Each structure stands twice: as structure tokens, then as C-alpha cells.
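Following: one structure in C-alpha cells, then a few remarks.
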Amino acid sequence: MAPTPAAVTQSSASHAPMVSGGTLTVANLRAFEQGCKQYFSTKAIAAPDQVCRIIYNFEDETVSSWIFNIKDKLMNLSFLDFMARLRDKWLSNTWFIEYGKILMTPQSNMPFTQWVNTLRNANKILRSKEDLYMDNKRLRRHIR
């Protein structure tokens, strides 16, 4: 039986998202990241305080224990570095390869707007992987 993926819930943009027990995936970590960014913006939470405000929002016992054991290190990270650390710890060692492949996929029969949005989304997720991430200039060249 396949492991159950964690679910991300957020009652409103003025509340931080919660991640239920279950397996962390690229998709649910991305949903968590987006929810956190909405929360930070709505509540005007300064960058140095962001990780402290969401670090305990993981209900999975294994993830919570990992966070508890290194919370001092994690709380000193920027939010983007915290998210990169989560991905590195909880996703497979090759999770980024799938997203790198998406970036190299030609448009084919996909509608142009859908293809560009797919590339942008994959590229955002790869932000912490400097060898795969494309800055705006490089991404525009790739799309042409």
C-alpha cells in the first residue's frame, strides 16, 4: 500500500497553513510554501521572523521530531533556505530530476500558455537547485 501524502490546510490567508501527518511531497511542500507566503504577506511578517512563525505547523511525528532536534539551526535560516532544507531532508534524492525534465520538455501539442505555466511552476520549485534553476532571462530564451 502506498504511503498517504500529507495534506496542507489553511483556513484563511491570515492563518499559517498546517501540514497533516503523512508523506511530504513536492506538491504538498509547494502548497505549504505558497500558503506561508500568503500568510507572511497578509500579516506583514518580517523575513527574520518567518520561519519561527511556521516551524511547528507540521503534524507528522517524524517531521516534528526532526524539527525539534535542530530547531535552533532551522530558526536561523531564511524561509527559502528552510524550504530547501525540508525538500533535501524529506524528498527523494532525485526529486529535482523530474522537474528538470519538465523544464526541458518541448511545447509539442500543449497550448502555449499551459506550457509556459508548467515551465514557470517547475522552475520555481527548482529555485534551490542552482544548476537547474533558470533566471528570468534564461527562461525567456528557453521559451523562444
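The values are calculated or read from the model by the stated rules, or taken from the named source; none is laboratory data. Given the structure is predicted, the values throughout are model-derived calculations rather than measurements. Counting neighbours? That spans all protein chains shown, and the Cβs are built from the backbone with ideal geometry, glycine included. Accessible surface is based on the protein model in full, side chains and every heavy atom, while ligands, DNA and RNA are left aside. Shrake-Rupley method; radii C 1.70, N 1.55, O 1.52, S 1.80 Å.
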Is there a quick way to get the dipole size of the chain? I mean about its Cα centre, with the Cβ of Lys and Arg at +1 and of Asp and Glu at -1; what is the value in debye to the nearest 20? 700 debye
Solvent-accessible area of Ser92 with every protein chain in place, 1.4 Å probe, in Å² to the nearest 10: 70 Å²
Evaluate 2.2 N^0.38 Å with N set to the residue count of the stretch 77-144, then give the Cα radius of gyration divided by it. 1.18
Using alpha carbon positions and the Kirkwood radius, the Rg to Rh ratio of the stretch 31-73 is 1.01
Provide Rg and Dmax in Å for the chain, with only Cα atoms included in the calculation. 16.4, 49
Helix check for the chain. Which DSSP H runs span at least 18 Å along their own axis by Cα, with a mean Kyte-Doolittle hydropathy no less than -1.0? 26-43, 112-125
Using helices alone, I'd like the mean residue ellipticity at 222 nm for the chain: each DSSP H run of four-plus residues gives -39500 (n - 2.57), total over residue count, nearest 500. -16500 deg cm²/dmol
Calculate the all-directions average of the projected area of the stretch 26-101's alpha-carbon convex hull, and give it in nm². 5.3 nm²
From Cα coordinates alone, what are the radius of gyration and Dmax values for the stretch 59-115 in angstrom? 16.7, 49
Can you tell which of Ala16, Ala31, Thr4 lies farthest toward the positive end of the dipole of the chain, using +1 and -1 charges on the Cβ of basic and acidic side chains (Lys, Arg; Asp, Glu)? Ala31
